[in-house]
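Everything on this sheet refers to the single structure shown next.
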Amino acid sequence: QVHLVESGGGSVQTGGSLRLSCAASGYTYSMYSLGWFRQAPGKEREGVAAIDSEGSTNYADSVKGRFTISKDNAKNTLYLQMNNLKPEDTAMYYCAADRLLGAGLENYEYFYWGQGTQVTVSS
């Protein structure tokens, strides 16, 4: 059983930064692809960034150049560094994991999900 726990969310003003963390346990970390997704009120959940077992990354166009996904294999932890935050980044952010061949950004590609951490960006 895979257990994912997000942390690091909070409130920040426009242009600020946050770093989200996702602690993983119960699986062989190196064999999984990992992703960050977000869902704002009234909107569908969307893929933000993903990283596969080989370290290849993929980003949504809306966050390219602002967000960076990374992982620390020794700590079994996934990170999302979020810079130059905008009000439209406000959402619940979820981490997800699955044994994929690549860094997918589709909801259906992931089986294991965390409970989410709220990010609020105010202007």
Starting from the Cα of Lys75, draw a straight line to each of the aspartates and glutamates and keep only those under 19 Å, dropping any in the same chain fewer than 8 residues away. Glu6, Asp52, Glu54, Asp98
Can you tell me the relative contact order of the chain? Whole percent, Cα pairs under 8 Å, sequence separation 6 or more. 37
What one gets for the chain as the Kirkwood radius, inverse of mean 1/r over different Cα pairs in Å, is 14.1
Residues of region 1-44 with backbone N under 16 Å of the label point set 7 Å from the Cα of Asn84 along Cα→Cβ are 14-18
Can you tell me, using C-alpha contacts under 8 Å and at least 6 residues apart, the relative contact order of region 1-57 as a whole percent? 26
Per residue, how much accessible area does the chain have with a 1.4 Å probe, in Å²? 51
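The values are calculated or read from the model by the stated rules, or taken from the named source; none is laboratory data. Please read these numbers as outputs of a predicted model, since none were measured by experiment. Positions of Cβ are backbone-derived with ideal geometry, glycine not excepted, and every protein chain shown enters the neighbour counts. Side chains are part of the model used for accessible areas, which takes the heavy atoms of the whole protein and leaves out ligands, DNA and RNA. Shrake-Rupley method; radii C 1.70, N 1.55, O 1.52, S 1.80 Å.
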